[in-house]
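**Q** Dropping a structure here in structure tokens format, bear with me for questions.
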């Protein structure tokens, strides 16, 4: 009686170790690439959001013939946001309602009449200012930082002019790289190269230029 021997087609221990080693090499190569892609995407999203707000402001100013403004706010979810400053966009303090919004200023006047004891009336004129939001852009601070070279609100004239040069820096925070102030200088550009940064430069005439410093 003949006994048939069955041979296994599986991997030997040595072959399995070699396969796992090769897989480890490919994974170690893929993870940094994936991280780089995600960081670039996060920076791009913020830059596009701000660029979109600028374009909406310019278009609205042109069609309405009125000055349109953009400013940061601490609570983008509010029905009527209030302008803040850009400091919270660049520090590590937790803030989950940041954003910027496009708005126009509405001046309202009212005349209040009051009756005097002698039967005559006194008219008092009061004025109030309302910020009418046109576009709100939320900002996710969890993994991106933003610096604006001018803390004042951006004013867009009907012909698109801003009368001020300004620069927006967007980057992934890095404990070893400090960006003290956003500007168009080479030193800041070199730092932005190390933190997946980008710059949006706004000219006095309202022209927008985007500079990318992705690794």
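**Q** Are there any pairs with C-beta distances below 8 angstrom linking a residue in the stretch 115-132 that is at pLDDT below 70 to a residue that is surrounded by 10 or more Cβ atoms within 10 Å (Cβ to Cβ), with the two at least 6 apart or on different chains, and if so which?
**A** From residues that are at pLDDT below 70, the pairs are 129/105; 129/106.
**Q** Looking at the structure I just gave you, is residue 84 surrounded by fewer than 12 Cβ atoms within 10 Å (Cβ to Cβ) and under 21 Å from residue 162 (Cα atoms)?
**A** no
Matching residues to (1) modelled with pLDDT of 90 or more; (2) more than 23 Å from residue 142 (Cβ to Cβ); (3) part of a strand (DSSP E or B):
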position: 160; (1), (2), (3): no, yes, no
position: 163; (1), (2), (3): no, yes, no
position: 167; (1), (2), (3): yes, yes, yes
position: 170; (1), (2), (3): yes, no, yes
position: 187; (1), (2), (3): yes, yes, no
position: 191; (1), (2), (3): yes, no, no
position: 201; (1), (2), (3): yes, yes, yes
position: 209; (1), (2), (3): yes, yes, yes
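**Q** Among what's in the stretch 189-210 and is without any contact (Cβ under 8 Å) to a residue 24 or more places away in the chain and touching a strand residue (DSSP E or B) at 6+ places or on another chain (Cβ under 7 Å), pick the residue that is surrounded by the most Cβ atoms within 10 Å (Cβ to Cβ). It would help to see each step written out before you state the result.
**A** Our first condition is that a residue be without any contact (Cβ under 8 Å) to a residue 24 or more places away in the chain; within the stretch 189-210, this holds for 190-194, 207, 209.
Right, trim to touching a strand residue (DSSP E or B) at 6+ places or on another chain (Cβ under 7 Å) and you get 191-194, 209.
Working: 191: 19, 192: 23, 193: 15, 194: 15, 209: 11.
That would be 192.
**Q** Determine which member of the set 55, 88 is under 24 Å from the mean Cα position of the chain (by Cα), part of a helix (DSSP H, G or I) and modelled with pLDDT of 90 or more. Walk me through it before giving the result.
**A** On the way: 88 fails: modelled with pLDDT of 90 or more.
Result of the check over 55, 88: 55.
The values are calculated or read from the model by the stated rules, or taken from the named source; none is laboratory data. Please read these numbers as outputs of a predicted model, since none were measured by experiment. Cβ sites come from the backbone with ideal geometry, for glycine too, and all protein chains shown count toward neighbours.
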